[in-house]
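What follows is a single structure, written as structure tokens, with notes after it.
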Amino acid sequence: MAYKRVLTIQDISCVGQCSLTVALPILSASGTETCILPSAVLSNHTAGFSGFTFRDLSDDFAKISEQWKKDKITFDAVYTGYLGSIQQIDSVRKIFAAHCKGLTIVDPAMADNGKLYVGFDEAYAAEMAKLCFEADITLPNITEACFMTGTEYRETYDRAYIDDLLQKLRDRGAKTIILTGVSYREGRTGVIVDKNGVSTYYEHKKIAGGCHGTGDVYASAFTGAVMQGFNEQEAARIAADYTVACIEKTAGDAKHWYGVKFELALPDYIRMLGL
Ligand code: PXL
């Protein structure tokens, strides 16, 4: 079994089962040493609570990196999620250059259901898109892919629309693309893995009623599987099966609208990884 070291850069939402409170346990469960760089601290995530506090930690990035340089600290991979500001996107580039020996994995974590998250604007989306195009692997959902390519978002679409979206991502420089939430028929959804111009599609069941935080669960589980040596197609399938299991553990509990009970399915994830 591989023992790799990953750095994940995303916010701490103290309540809400997203970003670091999801990434750290899932990556640890994958048998990967997980280092963190918090991008911001929020009382809770920005989707659905009455408000939120927000402390931007951008100013700490350079100081932390300088200290790491003194100890020659490096990572086998750096995986980023929700970032606090445009300024941080450039700081992330510097962290990649100074501390990443291997893969860069960027989840744009900026939009869903046709809309940007509260607090983000088109300028942020454009800058985040550039970071995604520089990364080895990027994991947009369809909304994010639309923002990244200036494509009109559609609720209903066909294969030609998705093929066009993938081509636009490739034309802009995207390397490996993991496009999530691609649904061609009722009750089913799936993920496309596009690498070197070749696409594969893994379709799985779709559970009614969208859940917050599933993008973060998916990207974390995918990264953990890649760190364990699975290829992108295998990792995409494992992450999808685990995310479905998390949603199944949560479905039917209306009080748990803010996230998924991903902890309850961690044993399944560990089994899928063969650990
Ligand atoms: O799950 C993505 C996410 C992460 N972090 C914060 C968020 C969201 C989604 O809304 O608000 C702070």
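The values are calculated or read from the model by the stated rules, or taken from the named source; none is laboratory data. This one's a predicted model, so the numbers in the text were calculated from it and none came from an experiment. Quick reminder, even Gly has a Cβ in these numbers, built from the backbone with ideal geometry, and neighbours come from all protein chains shown.
Tabulated results
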| read-out | value |
| --- | --- |
| Given (1) more than 16 Å from the ligand (Cβ to nearest atom); (2) surrounded by 13 or more Cβ atoms within 10 Å (Cβ to Cβ); (3) assigned to a helix (DSSP H, G or I); (4) among the hydrophobic types (A, V, I, L, M, F, W, C), number of the condition A97 does not satisfy | (2) |
| Some residue of region 71-83 being surrounded by fewer than 18 Cβ atoms within 10 Å (Cβ to Cβ) and closer than 16 Å to Q10 by Cβ | no |
| Residue list for region 33-60, filter: among the charged types (D, E, K, R) and touching a residue at least 24 places away in the same chain (Cβ under 8 Å) | E33, D56 |
| Near pairs, Cβ below 9 angstrom, 6+ apart or cross-chain, from region 247-275 (acidic (D, E)) to any residue that is in a loop (DSSP other than H, G, I, E, B) | E248/I207; D253/K261; E263/Q17 |
| Test result for T156, surrounded by 13 or more Cβ atoms within 10 Å (Cβ to Cβ) and either among the aromatic types (F, W, Y) or more than 15 Å from the chain's Cα centre (by Cα) (or both) | no |
| Some residue of region 121-131 being touching a strand residue (DSSP E or B) at 6+ places or on another chain (Cβ under 6 Å), under 30 Å from G190 (Cα atoms) and modelled with pLDDT under 95 | no |
| Region 160-216, subset farther than 30 Å from K255 by Cβ and small (G, A, S), residue nearest to the ligand (Cβ to nearest atom) | A174 |
| Positions within region 246-257 being surrounded by fewer than 19 Cβ atoms within 10 Å (Cβ to Cβ) and not basic (K, R), in sequence order | E248, A251, G252, D253, A254, H256, W257 |
| Region 128-144: number of residues that are under 13 Å from D112 (Cα atoms) and polar (S, T, N, Q) | 2 |
| Qualifying residue in region 23-32 (condition: of a type in the set (A, V, I, L, M, F, W, C), free of Cβ contacts under 8 Å to residues at least 24 places away in the same chain, touching a strand residue (DSSP E or B) at 6+ places or on another chain (Cβ under 9 Å) and more than 12 Å from the ligand (Cβ to nearest atom)) | yes |
